[in-house]
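Scroll down for the structure; my scribbles are underneath it.
Throughout, read-outs are computed from the coordinates displayed, never taken from laboratory work. Treat the numbers as computed from the prediction; the structure is a model and nothing was measured. Positions of Cβ are generated from backbone atoms using ideal geometry, with glycine treated the same way; all protein chains shown enter the neighbour counts.
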Amino acid sequence: MFISGYSMVAGAAERLVLGYDSFGNICGRKNTPVEGANLSGLDMTNKKYVFFLNSCSLEIQSLKSSSLSLCVSSCPQQQLNSLEDLQSFARNNGSFLCIYNLNVSSYTLNPKAAQLCPTLPVPPSKSFPLFNRCVPQNPECYSKYASVLISMVNEMDIFHRILSGILAGRDTVIGLSVLALAFSLMLVLAFRFIQTLLIHTLIALVVFGLLFVSGVLWWLHYDYRNDPSTELETEKENVKFLLGYAIFSTIVTVVVLSLIFVLRKRLLFAVQLFGIVGKLIGRIPFLLFQPLWTFLILVVFWVFWVAVLLSLGTAGTAHSTSGGQVEYRALSGICYMAWYHFVGLIWTSEFILACQQMVIAGAVVTCYFNRNKNNPPPHPVLSSISVLFCYHLGTAVKGSFLITILRIPRIVLLYLYNILNHKENAKHLFNCCFCWVCFQKSCLRYFNQHAYTTTAINGTNFCTSAKDAVCILARNSAKLASISCFGDFLLFLGKVFVVCFTVFGGLMAFNYHRELQAWVVPLLLVGYFAYMMSHSFLSVFEVTADALLLCFAIDMETNDGTAEKPYFVDQELLTFVSQSNKLTDGRKHRSTRPFQDNEDGTELQPMV
């Protein structure tokens, strides 16, 4: 509904960025007529700049200008002193500075030309690079114009300032998303053919990137804070956001460096693990294509989500006034729907990723529980997709919803942090709650992933699969936790690498457009998209490794290695797990207790 009506309800954020005239026409695009406004609905594709007929005496009240404004193809770069100059400029440059229904030949003949054309003399002006306005270059006019423009931006609420920043930086956001995609693809290929030297190179790049980004953020915060020209609310918000980003980046840098130092000697196990995972993926090469369709679906959804967000934020109805001009009236209460829309972003994104995880887990389960390792089952990926859509979409919905539920308290706690910023006791309570919520979300994501694998094995619903997954992980935590930990940490470094260098590119790109642009929010959006892309691509290895280890644990508990109940595991994986856990000969005989004590005594079998 919002998308189809977008052209009819274009509003504050888009009109602020693209510019609009006094008759309801948005500059730089085709327009639809507004009832009662004869000069509305014009094609302004080639007229991208807003020109005020009285730019030296502007007044703004409630985002409304006291001067008539027109869409023009170019701004006058020289002073125009007479109607003849206006006529000559129009004929030479194709830019008409008088009211649209006044023919250029009538500029000097029409007795009302003085009221229909700009106030003389017209000062030389230059197009403003961000908001497409013709800004007068005369010092006196410029100072008045700048003060009015600053007041107009400051009068906007933060929601519309954020939307204007997203609209103004949309090309940069798209470019940075493509950069994140390139980094993710590069890492997928690197992990497929992983080598020890690659691990050290990745660690070095992550360390360099974290230190460099943290340094740049602190430098930008210092530069913005000490800039005497900081007057706009958007610039003041940039300073606050940059301080938060710098602190967060510094904390992440310290934590990651500490983890690298602690785990540096055990990362070789991760190399061996991904070598085994790479061989399994080699048997199912189409697993590497799963992130591509997931990425395409995510991109389609994100584009739709941003379009709806812009429609929400710019929703307004056009009304004609007595003079044939047009004013836009914002819809009341529309901003509250944005919160519902943000929840939809998180839930739907997590659902798409959950579907990918279930497809990968199903394919891995099918290949693991196959006796003939040299002859894998035909089309395991397509079979897994079919099972997902026929039986287990509800499982993906439940798992993604639980992740979403734990994300919302984090947002609430961040909001409370700003309120309780100066109360030390409250801050300590907040920090404890925030860390607990983050820990719970990480654990839930981990158990969700294993619940999807158990669903692929048993074909049970989400709750039953989650219970079974918890039981098997509790009994084998000592054997599986350390192995999974090193692999997940290495993949986490890959995600940090993608986000870090994408955000660095964003800092460099957005910093060139400081004026009137709340670019820190689009930068946060870029960081989120970069993380989601890297997670989507690298989750192939993460889900494959976790599913492989869970299948191994189930195999060890369900079977005993005898002729009647032989193991499904191959020798390479068994040797790796034994070495990583420093198993002795006396611990090779494992419990034969079944994973799931069914009343009929049946053992677990993969779904087909």
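Label-to-label distance, F208 versus Y528, with points set 7 angstrom from Cα along the beta-carbon direction: 3.1 nm.
Per-peptide packing, taken as the mean over residues of other Cβ atoms within 10 Å, places 297-308, 252-263 in the sequence 297-308, 252-263 from highest down. Taking each residue as 0.36 nm, the span from R329 to L42 lengthens on full extension beyond its C-alpha to C-alpha distance by 101.3 nm. On full extension, the segment bounded by N81 and H200 gains 36.0 nm, given 0.36 nm per residue less the C-alpha separation. Between the amide H of S40 and those of V34, distances stay under 5 Å, these residues lying 5 or more places away or on another chain, with hydrogens modeled in the peptide plane.
Give me the number: length gained by fully extending L393 to L268, i.e. 0.36 nm times residue separation minus the C-alpha to C-alpha distance, one decimal in nm. Please report the intermediate quantities before stating the final value.
Numbers: separation 125, 0.36 × 125 = 45.00 nm, distance 3.72 nm.
The span from L393 to L268 would gain 41.3 nm if fully extended.
Once R0 is set to 56 Å, what does the formula 1/(1 + (r/R0)^6) return for the Cβ-Cβ distance between T321 and D227, expressed as a FRET efficiency to the nearest 0.05?
Details: r = 40 Å, r/R0 = 0.72.
The pair T321/D227 has a calculated efficiency of 0.90.
Under the simplified labelling scheme, the A190-T575 pair shows an inter-label distance of 2.8 nm, with each label point 7 Å from Cα along Cα→Cβ.
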